[in-house]
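Below is one structure, written out as structure tokens; the observations come after it.
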Amino acid sequence: LDVGFGDLFVHPIEIKPDIVQFDGLNYFMVKHLGGETYSLLMSATENHFKEKYRFKLSGVALEEFAEQCQLKQTSEDSHFVKNLICTQPIAEGRKTVFNQKFLQRDSGGRHFFTFGSEIDLVSCLQKEFGIDIKKYQDRLADMFNYIL
């Protein structure tokens, strides 16, 4: 189960070792490393696979994730606390807001632009992601000024 590991697969990948699987955007392969350990590899071209993470099939209690979840949401060292991030898969790729930039990757390549102001950021979040952030405006203004 992968619940939001960033820019990986957008459809389930079967745990079938050494079989290349395509999710419509990237190629994936699962390798059995021995015992209960597996590796998930990814490639944009089906030629050069890179390991993204390792996993086991044994169950893990939800409570075991609590400490890491709390750190990711509150620690000053967390990538998610330090940065403004909004991302969504689309039919041919992904669109992402990362701090003061908007990036869209699709069959036509990678396209990005930098926001000139908080108004541009707010407009992008509304138009591209359907997020109306008026009630968070004060917090966003502080964050936007922090990341510039």
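The values are calculated or read from the model by the stated rules, or taken from the named source; none is laboratory data. Small disclaimer: the values here were computed from a predicted structure and weren't measured. Please note: Cβ atoms are built from the backbone with ideal geometry, for glycine as well, and neighbour counts cover all protein chains shown. Side chains are part of the model used for accessible areas, which takes the heavy atoms of the whole protein and leaves out ligands, DNA and RNA. Shrake-Rupley method; radii C 1.70, N 1.55, O 1.52, S 1.80 Å.
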Got a sec? Which of LYS72, LYS31, LYS50 is touching a Ser or Thr at 6+ places or on another chain (Cβ under 8 Å) and more than 30 Å from SER107 (Cβ to Cβ)?
LYS72
Can you name every one of the strands (runs of 3 or more DSSP E) wholly within region 33-110 that holds 1 or more residues which are exposed (fewer than 10 other Cβ atoms within 10 Å of the Cβ), free of Cβ contacts under 8 Å to residues at least 12 places away in the same chain and under 18 Å from the mean Cα position of the chain (by Cα)?
50-56
Could you tell me whether region 2-25 includes any residue that is within 15 Å of the chain's Cα centre (by Cα), open to solvent by 70 Å² or more (accessible area, probe 1.4 Å) and β-branched (Val, Ile, Thr)?
yes
